[in-house]
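First up is the structure itself, then whatever we jot down about it.
The values are calculated or read from the model by the stated rules, or taken from the named source; none is laboratory data. As the structure is a prediction and not an experimental result, all values here were calculated from the model. Please note: Cβ atoms are built from the backbone with ideal geometry, for glycine as well, and neighbour counts cover all protein chains shown. Keep in mind that these areas ignore ligands, DNA and RNA; they rest on the heavy atoms of the full protein, side chains included. Shrake-Rupley method; radii C 1.70, N 1.55, O 1.52, S 1.80 Å.
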Amino acid sequence: MKILNLSDYKVNIWGGGVTREIMILPANSLLDNRDFDIRISSAVIESPESTFSNFDVYKRIILPLEGSITLITPTGKVRLTSTEPFTFDGSDKITSLNSVGAIDFNVIFKPEVNASVKIINNYHHIKSKKSCIAFAFEDIKINGEHIAKYSSAFLTEDAEVIGKAIIIVY
């Protein structure tokens, strides 16, 4: 298991706040070049309104970690919850209404990557058959090791997770 703490993430400043890149693959890919297969990040949103960048040929999964985020989608308004990841096409024209200081969790991936995101609470046994990351929604334990809030664990073997976490399988 490899652990990345909040201070280990790559930080990017954008018009609406600050994004912390947790992972991008291939590792030498760049967000601006749109040459990645999957990117996982978390953003602190400092603007009450924002417009999502176009990521055609990608899918996106998003949920709030803190604060309120409501998406304005082509089919209507969607109030995001921290218990239900929201998936949409990267080419959708999306804007959002946010509480200032809201924090989101975002996965952008090519459809062939077939990424999934789920929220776990309390105790969960993870069978590591594919690549898997556990993002700590709060302080958690993985196989008895403390993982601080908003840190990530890259799982390379079966794991027992105690606490609230976001599990990303890809």
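What to note about this one:
- Centre-to-centre, using Cα atoms only, region 123-151 and region 73-92 are separated by 25 Å.
- Partners of K59 within straight-line reach, counting lysines whose Cα lies under 16 Å from its Cα and excluding those fewer than 8 residues away in the same chain: K93, K110, K118.
- Other residues within the sphere of radius under 11 Å centred on the Cβ of I22, judged by their own Cβ, net out at +1 (K and R +1, D and E -1).
- The charge dipole of the chain, taken about the Cα centre with unit charges on the Cβ atoms of Lys, Arg (+1) and Asp, Glu (-1), comes to about 240 debye, rounded to the nearest 20.
- Candidates N114, T73, L30 compared by Cα position along the dipole of the chain: farthest toward the positive end lies N114, with charges placed on Cβ.
- Given charges at Cβ of Lys, Arg, Asp, Glu: the chain dipole, positive-most of T156, L63, H124: H124
- Of the three principal axes defined by the Cα atoms of region 1-156, the extents in descending order read 43, 31, 27 Å.
- Based on Cα contacts under 8 Å between residues 6+ apart, the chain shows a relative contact order of 23 percent.
- Of the accessible area of region 45-86, computed with a 1.4 Å probe over protein heavy atoms only, carbon and sulfur atoms account for 49 percent.
- Environment charge at V100 (Cβ cut-off 15 Å; Lys +1, Arg +1, Asp -1, Glu -1): -4
- Surrounding net charge for I69, when Lys and Arg each add one and Asp and Glu each subtract one, Cβ distance under 12 Å: -1
- In this structure the chain gives 50 Å² per residue of accessible area when probed at 1.4 Å with all protein chains present.
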